[in-house]
1. If each of residue 48 and residue 36 carries a label point 7 Å out from its Cα toward its Cβ, how far apart are those two points in nm?
2. Which of 17, 63, 39 moves most in a GNM of the chain, Cα contacts under 10 Å?
3. What is the helix-to-structure angle for 53-64, meaning the angle in degrees between its Cα long axis and the longest Cα principal axis of the chain, kept from 0 to 90 and rounded to the nearest 10?
4. Kindly provide the helix-only [θ] at 222 nm of the chain, computed as the sum of -39,500 (n - 2.57) over DSSP H runs of four or more divided by all residues, to the nearest 500 deg cm²/dmol?
5. I'm checking a number: the convex hull volume of the Cα atoms of the range 10-76, normalised per residue, in Å³. What is it?
6. Can you sort 57, 11, 73 so the residue with the fewest Cβ neighbours within 10 Å comes first?
């Protein structure tokens, strides 16, 4: 008998490459539920995992970043 296959469940988070980020602030404009902007329009990201509808918002911010400084990073969940 084969062991049951476990599907890996994952969540996502936004990550900024601070070397590339120029503080355009577009990420905060496109994903205000996920990204706050400081006084110089640099992103301040929420440390919480991203799921559901917010994942689309996050992907739009990543796709539109003029400096290519944002990415979505997978956070593996504990398989328990």
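1. 1.3
2. 39
3. Approximately 50 degrees, to the nearest ten.
4. -6000 deg cm²/dmol
5. 72
6. With the fewest neighbours first, 57, 11, 73 line up as 73, 11, 57.
Read the figures in this text as sums done on the coordinates, not as results from a lab. None of these values were measured; they are calculated from a predicted model. Heads up, the Cβs are rebuilt from the backbone with ideal geometry, glycines too, and the neighbour counts pull from every protein chain shown.
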